[in-house]
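What follows is calculated from the coordinates using simple rules that are stated; it is not laboratory data. Treat the numbers as computed from the prediction; the structure is a model and nothing was measured. As a convention, Cβ positions derive from the backbone with ideal geometry for all residues, glycine included, and neighbour counts pool all protein chains shown.
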């Protein structure tokens, strides 16, 4: 059977309609709570939600189990020519701060074992995660959860205002939950591209924007405690104005990078004191090689790059820090710091061609077996300003990524799969675009 296109309009649709035209749309989509339409999945099916329409909390959890293929991925998105109101606005899925459940089954949208799907140009708001201390596990309790999924892409979406009332030490140590999107269990080929994440309207800040997503590219992340946990490729994102978590006992992270990762071209600024900025533990899972290249970091209170002998800390692990512009805290703190958790020295650190703006640019406390440094330029804040590098011009950062302003195509073409071969492992080494740099 050939793929079909289905239209969904909560305001004026009916699940008794065939759903195959804009004039006879469904009210809800297959897999939504209460869906009463007739549907049998075909790979490559497309689901178009009407712009300017809201799907309320009674529609959720939305559980999706059908898969597409490499040549015919399933599509969940919108059509800018079909909308309520004076102009197009993204279709809105509003979870209204209602706790759905625990584990991944508390996610607002759960993709369960799905392959080859594309989520595009939708808005998700007000997902609630339960308090872990109440005896409900929260791993996977996110706005969107990819459980055992492969080759998934989310693009041009807004995910905002997830909510968890974690105040006064209410979240027990070691638990996690609440946020934007998370992979649980095995999964590869997962990408978030050109999306925005924030908690400007949440009232209580908590959770993580992205967790375990393989590729995070050109996303705009702001006004939330933690941006990115455990991605493999993080490039060209704009991360700024993060905020303190609601739980005073918690700390947060701009990026937590364990094992082999590639972090390039990101702009990061205005980060609160409780947040680590770019934290690397390349030996966490054994032999890991990390590349941190071309990033701009300023207005932070902790070291711009913190490298740690954490986890297993395999002695063959290494990190290359190249071509970054790093402003140490207050112009006097560390741009690069190698810390020690009593797990032995770092295998190798190669830092070169960086602009380091601080009176104390580098601190190596744990020891490094093989240390290479070359062509780094060190400035004071005054010297940087004289060279035209200031916060006002983002210390020379070019091309700050933002969400695209142009409308998506009326009939979006099938999405290309995310780059599953960007990272290659050969004899224990990571290559980037085919070459270990």
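With the highest mean first, a sort of the peptides 364-373, 72-81 on other beta-carbon atoms found within 10 angstrom per residue produces 72-81, 364-373.
The mean sequence distance of close C-alpha pairs (under 8 Å, at least 6 residues apart), as a share of the length of region 238-390, puts its relative contact order at 18 percent. Rounded to the nearest 5, what % of DSSP beta bridges with both residues in the chain are antiparallel? Counting only bridges with both partners in the chain, antiparallel ones make up about 5 percent. On the basis of the beta-carbon distance and an R0 of 25 Å, residue 41 and residue 81 show a calculated FRET efficiency of 0.45. The helix-based estimate of mean residue ellipticity at 222 nm for the chain, built from -39,500 (n - 2.57) per DSSP H run of four or more residues and divided by its residue count, is -500 deg cm²/dmol to the nearest 500.
For the peptides 293-304, 238-249, residues were scored by their other Cβ atoms within 10 Å and the scores averaged per peptide; the highest-first order is 293-304, 238-249. Relative contact order for the chain: 9 percent, from Cα pairs under 8 Å spaced at least 6 residues apart, divided by residue count.
As a rough guide to protection, the peptides 329-335, 20-26 ranked by mean Cβ packing within 10 Å, highest first, stand as 329-335, 20-26. With kT/(6 pi eta Rh) evaluated at 4 °C and eta = 1.567 mPa s, and Rh the Kirkwood radius from Cα pairs, the chain diffuses with a coefficient of 58 µm²/s according to Stokes-Einstein. Report the Cα centroid-to-centroid distance between region 67-81 and region 102-157 in angstrom, as an integer. With region 67-81 and region 102-157 each reduced to a Cα centre, they are spaced 18 Å. Per-residue Cβ neighbour counts within 10 Å put 289, 223 in the sequence 223, 289, beginning with the fewest.
Extending 7 Å from Cα along the Cβ direction at residue 133 and again at residue 340 yields two label points whose distance is 3.7 nm. If both residues of a DSSP beta bridge must be in region 16-173, then about 0% of such bridges are antiparallel.
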